[in-house]
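The values are calculated or read from the model by the stated rules, or taken from the named source; none is laboratory data. Remember, predicted model here, so these are calculated numbers, not experimental data. Methodologically, a virtual Cβ is constructed for each residue, glycine included, from the backbone with ideal geometry; neighbour enumeration extends over all protein chains shown. The area values use the complete protein model at the heavy-atom level, side chains included, leaving out ligands, DNA and RNA. Shrake-Rupley method; radii C 1.70, N 1.55, O 1.52, S 1.80 Å.
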Amino acid sequence: MLDAIRYLVDNGIKWRAMPVDFPPWDRIYAFFRRWRDHGLVSEFHDRLRARVREKLGRDTEPTAGVIDSQSIKADAVVGADSRGYDGGKQINGRTRHVVVDTLGLLLGVMVTAADVGDRTAAQVLLAQVAPVHHRLALVWADGGYTGSLVEHCLAAFALVLVIVKRSDDMRGFVVLPKRWIVERLFAHLMRSRRLARDYERRTASAEAVIYWSMTMVMSRRLARRHRGRA
């Protein structure tokens, strides 16, 4: 079942196009839906993340993170109630709001309509992430998170939100401190064909697919480390 879901996420196929090597597609989807609705996919992901951090000599719980968002086009199956238009990026679809640790591993994700502002979504997402990752004390963000959010994070979550801005004299592409970490995660997501566009009817399914994609990234990282020691 796990391999079948990973195959779907990696190759971007339809549920009904599942190869005959796997169980019937409706049984696989029922398994996916059960894990999604009971939060098991995020729990499975979090346990794997803890193992990766331990293998790299880190504590299982991070003390710092990075927050950012990625707008993505939505497929026709995505209803008007969960899609919107991002005027800045000129994208009609949804936005993935994520928090990662300093290794680029996912701490939390929330999928919204693309017209939901970063600061608005960040308040909700950080309210979910902060209680779970109780050691988290510092979060880096880009200029889209300035304003009252900085004071709100300190007062509500005891989080220091540090804005990493691009200076006015910069020209062309420049790698900015800390912000490249979350951009690398977005690059990993776009390598999964199921995530190149949002095909999920429900935002909960879109979030679950992101967790599945990151389990594949961490599994490959653990496998490379194991081969290196062999």
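May I ask which residue of Val111, Gly87, Phe186 lies farthest towards the positive end of the charge dipole of the range 87-213, with charges of +1 (Lys, Arg) and -1 (Asp, Glu) on Cβ and the Cα centre as origin? Most positive-ward Cα: Phe186. If the cut-off is 13 Å between C-alpha atoms, which aspartates and glutamates fall inside it for Lys14, apart from same-chain ones fewer than 8 positions away? Of all the aspartates and glutamates, those that pass the test against Lys14 - Cα under 13 Å, at least 8 places apart if same chain - are Asp26, Asp75, Asp198, Glu200. Dipole magnitude for the range 58-117: computed about the Cα centre from +1 point charges on Lys and Arg Cβ and -1 point charges on Asp and Glu Cβ, it is near 220 debye.
In terms of packing, defined here as the mean over residues of other Cβ atoms within 10 angstrom, the peptides 6-14, 97-105, 135-143, 85-93 line up highest first as 97-105, 135-143, 6-14, 85-93. Zone of Ala155 (label point 7 Å along Cα→Cβ, backbone N under 20 Å): which residues in the range 81-116? The answer is none, because no backbone nitrogen lies closer than 20 Å to the label point. Local charge for Thr60 was computed over the other residues whose Cβ lies under 9 Å away, with Lys and Arg +1 and Asp and Glu -1, and equals +1. The slack in the chain from Lys14 to Ala196, taken as 0.36 nm per residue of separation less the alpha-carbon distance, amounts to 64.1 nm.
Suppose R0 equals 41 Å; then what is the FRET efficiency for Ala76 and Lys55 from their Cβ-Cβ distance, rounded to the nearest 0.05? The calculated FRET efficiency here is 0.45. Legend: P(r) of the range 60-105 from all alpha carbon pair distances, 10 Å bins from 0, whole percents, reading 25, 37, 23, 14.
Length available on full extension from Arg27 to Arg119: 0.36 nm per residue minus the Cα-Cα distance, which gives 29.2 nm. Working note: Debye formula, equal point scatterers on the alpha-carbon atoms of the chain, no solvent; log10 I(q)/I(0) at q = 0.09, 0.14 Å⁻¹ is -0.39, -0.94.
Helix 118-132 axis versus longest C-alpha principal axis of the chain: approximately 70°, rounded to the nearest ten. Protein heavy-atom accessible surface, 1.4 Å probe, per residue over the chain: 52 Å². Find the percent of Cα-Cα distances in the range 62-153 that exceed 15 Å, and round it to a whole number. More than 15 Å apart: 59 percent of the Cα pairs in the range 62-153.
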